[in-house]
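Each remark here refers to the structure printed beneath this line.
Just so it is clear, none of the values below were taken in a lab; they were calculated from the coordinates. Note that the structure is a prediction, hence the values are computed from the model and not measured. Using ideal geometry, Cβ is built from the backbone for each residue, glycine included, and neighbour counts are taken over all protein chains shown.
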There are 2 protein chains.
Amino acid sequence: MTERSKQPAGPYSSERGEPQRSADLAGFVALSLLPIHTWRDIGERLRAGDAPAVALDRLLTARWPLEPRKFSDLQAAAAAALGQGAERGLTPIAWSDAAYPPALTAIIDPPPVLWTRGSRAALARPAVAIVGSRAASPYALDVAERLAADLAARGLAIVSGLARGVDSAAHRGALSAGGSTLAVLGCGADIIYPREHAALARAIEPDGLIVSELIPGTRPLPRFFPQRNRIISGLSRAVVIVEAGERSGSLITARCALEQGRDVLAVPGNVLSGRNRGGHALLRDGAKIVERADDILEELNEVGGGAGSAPPAAVPCADPVLACLTPGEPCDLDGISERSGLSPARLLPRLFELELQGLIRRAGGGRFVRFDRTC
Amino acid sequence: MTERSKQPAGPYSSERGEPQRSADLAGFVALSLLPIHTWRDIGERLRAGDAPAVALDRLLTARWPLEPRKFSDLQAAAAAALGQGAERGLTPIAWSDAAYPPALTAIIDPPPVLWTRGSRAALARPAVAIVGSRAASPYALDVAERLAADLAARGLAIVSGLARGVDSAAHRGALSAGGSTLAVLGCGADIIYPREHAALARAIEPDGLIVSELIPGTRPLPRFFPQRNRIISGLSRAVVIVEAGERSGSLITARCALEQGRDVLAVPGNVLSGRNRGGHALLRDGAKIVERADDILEELNEVGGGAGSAPPAAVPCADPVLACLTPGEPCDLDGISERSGLSPARLLPRLFELELQGLIRRAGGGRFVRFDRTC
């Protein structure tokens with residue numbers, strides 16, 4: 001039985017205090033402390049269903065065979081981080097948590113834990129990222145804010161990076177529409193960078209979420225920002241680039257999105273300012289052109305059968321994974337794995353796709369339900 | 001023997017005064033007086049090598065069998081137009097004229113005559129059209145002028161419509177670079193519309209050309225402008241749209257270009273103003289995105305083996321038309337038709353393509369030469 005399928009279904013509060021779960025949480029945090037070159041291995045182990053302590057032990061044995069103390073050191077650091085997180089009002093959401101966003105389980109290097117502040121219901125909404133230049137033109141700020149407001153009004157969560165310029169305009173646009181927005185940070189979720197966005201971050205929390213994979217107290221070092229970008233795209237069905245120069249960091253987010261199989265769209269603009277070189281290069285390479293929110297919604301509908309995840313009226317039923325599920329009956333990963341003959345590592349991305357297509361939904365406790373209305 | 005292959009090679013001045021040629025010219029003008037629903041038939045007859053009087057007679061017999069006087073009426077009107085043209089300093093360039101631009105012979109509804117003012121050497125250059133909004137933004141004017149200047153500096157002729165806004169900015173840009181530009185009018189070439197562009201038209205003449213298919217004295221009626229657009233694209237290897245709203249006339253030029261197999265490119269811009277709806281829609285449908293002149297030159301190179309028509313170093317020699325030509329030896333249309341088994345109507349567009357690819361060139365007198373350097 002895998003770790004994921006061990007979790008009971010139900011609200012989170014009821015799961016707190018179980019000793020196994022608490023140990024697991026520390027284990028996921030410990031895994032998250034390992035360096036970047038291990039992240040793909042971690043993702044592989046998590047998808048294979050390893051308990052975090054098992055995954056950690058395997059990784060350490062393979063890569064640091066001469067450092068027997070590393071395991072307990074990491075566990076201690078993780079426990080300290082959990083203490084600090086609790087002190088600072090952060091809620092950790094581990095891989096095994098039913099609130100862990102399914103979209104992130106499909107990326108190759110998922111964070112074992114997300115540290116959050118705010119309303120984690122925001123993670124359940126279909127999301128679109130809007131990112132772009134920090135030194136944005138008034139035009140870009142205007143476009144980002146309008147697109148975010150229009151998408152948020154349609155029920156989509158807006159993901160961005162809380163940076164100056166386009167990012168913060170996107171968050172503000174979502175808020176102006178009474179919508180939900182997620183800010184993924186390149187520092188601990190207890191630290192707001194840049195400082196001037198403290199009020200914005202507070203405004204995000206009631207209906208949205210401040211998110212970081214970095215343990216509480218982590219300072220905003222330059223190397224964290226490109227890494228953070230894979231989470232911005234990983235949380236999202238599509239990434240919209242609003243004004244990106246030739247070396248814009250948002251092009252990293254676009255590349256991550258492509259690697260993760262997410263849509264990349266770009267807003268065109270002035271060709272003389274140089275501010276749109278990056279965005280226009282994406283258009284040249286096949287990114288969809290965005291003039292208004294409808295362009296994004298249409299793209300999502302084409303790919304995912306509805307931005308609001310309403311299941312389509314009729315679908316092909318030749319899908320082998322879908323065929324293993326009885327409509328309306330939740331099934332855990334092990335069960336689907338057994339029936340389909342596919343390993344959990346292969347199943348999870350496929351299940352995520354089916355979810356995006358509106359054919360199944362997550363039922364809590366790592367279980368999946370096929371919609372009745374599908375064929 | 002076809003009409004085209006009857007012409008002697010050599011400079012035009014030496015051909016003037018030949019009675020047959022003069023009669024032919026009047027015949028082409030008479031054909032040009034027929035209404036738009038006959039233009040495809042006219043093109044077909046011209047490509048088939050009919051002498052203009054023969055083509056005219058066939059068309060009139062088929063379509064106006066009960067109007068026996070129409071032939072002589074048209075001939076008389078043509079003679080009057082030729083007189084008026086001479087009075088007003090216009091030079092007619094008929095279909096059979098070696099200066100008639102080969103690019104235009106490939107369109108389905110070529111004008112039998114072009115009335116011109118200026119330097120007709122401009123017709124021999126590879127050309128790119130730049131068109132767009134009349135009520136253009138300062139941004140669009142700036143972009144159009146820069147693109148035109150950069151392309152003209154590279155030896156390309158810039159084709160446009162002498163309209164307010166983007167068109168005139170394109171002409172000005174070409175002039176600023178000391179280049180050649182062609183203005184295709186929706187009225188007689190002796191009438192400048194809008195009036196305020198009279199000085200611009202005069203500045204175009206020394207190295208460029210004012211062009212119209214309409215007989216001298218024709219007033220600028222609204223219906224002439226969409227018809228004129230097929231000549232703008234027909235003269236050009238590519239059409240670049242700089243700022244076009246949803247109902248912009250330049251979208252007609254883009255559609256003509258697509259029908260004629262020419263490249264369509266568009267400059268992106270502001271998505272909030274509504275000024276770029278048309279251009280962005282073209283990008284969505286596959287038009288190439290233009291930020292600078294190099295983007296256009298690259299596109300021409302990809303399609304045509306070099307904007308300057310330099311033949312490529314090596315090419316496949318499987319082409320049946322190319323195989324009929326001995327490198328360096330000029331051959332007329334009849335000869336190529338006989339060798340290839342293709343009718344002149346089919347051959348001309350193909351020869352035009354080979355010319356665009358830099359594999360053959362026109363040798364005067366309707367003859368074609370294959371380049372030595374090709375395989």
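Over the whole of B:258-268, what's the average partner chain Cβ count within 10 Å per residue? Rounded to a whole number, please. Don't jump to the answer; show the numbers that get you there.
On the way: counts 0, 0, 0, 0, 0, 0, 0, 0, 1, 5, 12.
Per-residue shielding by partner chains comes out at 2.
Using 18 Å as the cut-off for backbone N distance, which residues of segment B:134-175 belong to the label zone defined by a point 7 Å from the Cα of A:Ser273 along Cα→Cβ?
What the label zone holds, given the 18 Å backbone N cut-off, is B:137-144.
In Å, what Kirkwood hydrodynamic radius results for segment B:193-234 from the alpha-carbon pair distances?
Numbers: mean 1/r = 0.0858 Å⁻¹.
Mean inverse Cα-Cα distance, inverted, gives 11.7 Å.
What is the sum of charges around B:Arg292, taking Lys and Arg as +1, Asp and Glu as -1, for the other residues whose C-beta is under 15 Å from the C-beta of B:Arg292? Each step should come with its number before you reach the end.
On the way: positive: A:Arg275, A:Arg277, A:Arg284, B:Arg146, B:Arg154, B:Lys288; negative: A:Glu246, B:Asp142, B:Glu145, B:Asp150, B:Glu291, B:Asp294, B:Asp295, B:Glu298, B:Glu299.
Around B:Arg292, the charge tally is -3.
Assign one of three labels to segment B:96-152, namely rounded, prolate or oblate, based on the Cα gyration tensor with a ≥ b ≥ c the square roots of its eigenvalues; rounded applies when a/c is under 1.5, prolate when it is not and a/b is larger than b/c, and oblate otherwise.
Details: a/c = 2.63, a/b = 2.03, b/c = 1.30.
Judged from the Cα gyration tensor, segment B:96-152 comes out prolate (a/c at least 1.5, a/b above b/c).
Label-point separation (nm) for B:Ile108 and A:Ser343, each offset 7 Å from Cα along Cα-to-Cβ?
Using points 7 Å along Cα→Cβ, the separation is 5.7 nm.
Using the basic label-point model (7 angstrom from Cα toward the beta carbon), what is the B:Arg134 to B:Arg219 distance in nanometres?
1.6
Shortest first and in nm with one decimal, please list how far the A:Ala121 label point sits from its counterparts in the other copies (point 7 Å along Cα→Cβ).
7.7
Rounded if a/c is under 1.5, else prolate if a/b beats b/c, else oblate: with a ≥ b ≥ c from the C-alpha gyration tensor eigenvalues square-rooted, which is segment A:199-276?
Values: a/c = 1.64, a/b = 1.59, b/c = 1.03.
It is prolate, given that a/c is not under 1.5 and a/b is the larger ratio.
When only alpha-carbon atoms are used, what values of Rg and Dmax, in angstrom, describe segment A:168-297?
15.0, 43
Going Cα to Cα from B:Lys288, which aspartates and glutamates come in below 15 Å? Please leave out same-chain ones fewer than 8 positions away.
Filter leaves A:Asp285, B:Glu243, B:Asp263, B:Glu298, B:Glu299, B:Glu302.
If the label for A:Arg40 sits 7 angstrom from Cα along the Cα-to-Cβ line, what are its distances to the same label in every other copy, in nm to one decimal, shortest first?
5.7
Looking at the axis that maps chain A onto chain B, which chain A residue has the closest Cβ, and how far off is it in Å, rounded to a whole number?
Whole-Å result, nearest residue of chain A to the axis: A:Pro268, 2.
Can you give the mean number of other chain Cβ atoms that lie within 10 Å of the Cβ atoms in peptide B:289-300?
Details: counts 8, 3, 10, 2, 0, 0, 3, 0, 0, 0, 0, 0.
Averaged over the peptide's residues, the number is 2.
Shortest first, in nm, what separates the label point of B:Glu302 from those of the same position in the other copies (7 Å along Cα→Cβ)?
1.9
For the pair A:Glu302/B:Trp64, report the inter-label distance in nm, with labels modelled 7 Å from Cα in the Cβ direction.
Once both label points are built, they end up 5.0 nm from each other.
I'd like the distance between the alpha-carbon centres of segment A:253-267 and segment B:219-298, rounded to an integer number of Å.
29
Bin by bin, in steps of 10 Å, what percent of the Cα pairs in segment A:13-135 do you find, going until the bin that has the longest distance?
12, 42, 33, 11, 2
For chain A, what value does the Rg/Rh ratio take when both radii are computed over Cα atoms and Rh is the Kirkwood radius, given to two decimals?
On the way: Rg = 20.2 Å, Rh = 21.0 Å.
Dividing the radius of gyration by the Kirkwood radius yields 0.96.
Could you give the radius of gyration (one decimal) and Dmax (whole number) of the Cα atoms in the protein assembly as shown, in Å?
Considering the protein assembly as shown through its Cα atoms, Rg and Dmax are 34.0, 109 Å.
Just to verify a number: FRET efficiency for A:Glu329 and A:Glu246, C-beta to C-beta distance, R0 = 51 Å, to 0.05?
Approximately 0.45, to the nearest 0.05.
Fewest first, what order do A:Arg120, B:Arg284, B:Arg117 take by the number of other Cβ atoms within 10 Å?
Sorted ascending by nearby Cβ count, the order is B:Arg284, A:Arg120, B:Arg117.
I'd like the distance separating the alpha-carbon centroids of segment A:165-217 and segment B:158-183, in whole Å.
50
Go through segment B:206-223 residue by residue and turn each phi into a ³J(HN,Hα) via Karplus (6.51, -1.76, 1.60, θ = phi - 60°); whole Hz please, and just put x for glycine and proline.
In residue order, the calculated couplings are x, 10, x, 8, 8, 10, 8, 8, 8, 5, x, x, 5, 6, x, 8, x, 5 Hz.
With every atom except the alpha carbons ignored, what do you get for Rg and Dmax of segment A:239-294, in angstroms?
Cα radius of gyration and Dmax of segment A:239-294 are 10.3, 32 Å respectively.
In segment A:225-259, which trypsin sites (Lys or Arg not before Pro) are in a loop and have at most 14 other Cβ atoms within 10 Å, using DSSP for the loop call?
Numbers: sites: A:Arg228, A:Arg230, A:Arg237, A:Arg247, A:Arg255; in loops: A:Arg237, A:Arg247.
Filter output for segment A:225-259: A:Arg247.
Kindly put B:His280, B:His197, A:His37 in sequence by how many other C-beta atoms sit within 10 Å of each C-beta, fewest to most.
Working: B:His280 27, B:His197 19, A:His37 8.
So the ranking, lowest neighbour count to highest, is A:His37, B:His197, B:His280.
Would you give the gap between the C-alpha center of segment A:83-117 and the C-alpha center of segment B:136-154, rounded to a whole Å?
Centre-to-centre (Cα) distance: 52 Å.
Which order do peptides A:208-214, B:269-275 fall in by mean Cβ count within 10 Å, highest first? Write down the numbers at each step before the final one.
Working: A:208-214: 26.3, B:269-275: 18.9.
Descending mean neighbour count gives A:208-214, B:269-275.
For each of B:Thr253, A:Thr326, count neighbouring Cβ atoms within 10 Å of the residue's Cβ, then give the residues from fewest to most. Write down the numbers at each step before the final one.
Details: B:Thr253 32, A:Thr326 11.
Arranged by neighbour count, lowest to highest, B:Thr253, A:Thr326 become A:Thr326, B:Thr253.
Taking every pair of alpha-carbon atoms in segment A:131-211, give the share separated by more than 18 Å as a whole percent. Spell out each step's value before the answer.
Details: 1016 of 3240 pairs.
The share of Cα pairs beyond 18 Å in segment A:131-211 comes to 31 percent.
Can you check how the C-alpha radius of gyration of segment B:73-217 compares to 2.2 N^0.38 Å, as a plain ratio?
On the way: Rg = 15.1 Å, N = 145, 2.2 N^0.38 = 14.6 Å.
Cα Rg divided by the expected 2.2 N^0.38 Å: 1.03.
Taking amide H positions as placed 1.01 Å from N in the peptide plane, with prolines and chain starts having none, which residues 5 or more places from B:Val240, or on another chain, fall under 5 Å of its amide H?
Here B:Ala129, B:Ile130, B:Val131, B:Leu265 satisfy the definition.
On full extension of the chain, what length is gained from B:Ala80 through B:Arg292, given 0.36 nm per residue of separation minus the C-alpha to C-alpha distance?
Values: separation 212, 0.36 × 212 = 76.32 nm, distance 4.62 nm.
Working it through step by step, the gained length comes to 71.7 nm.
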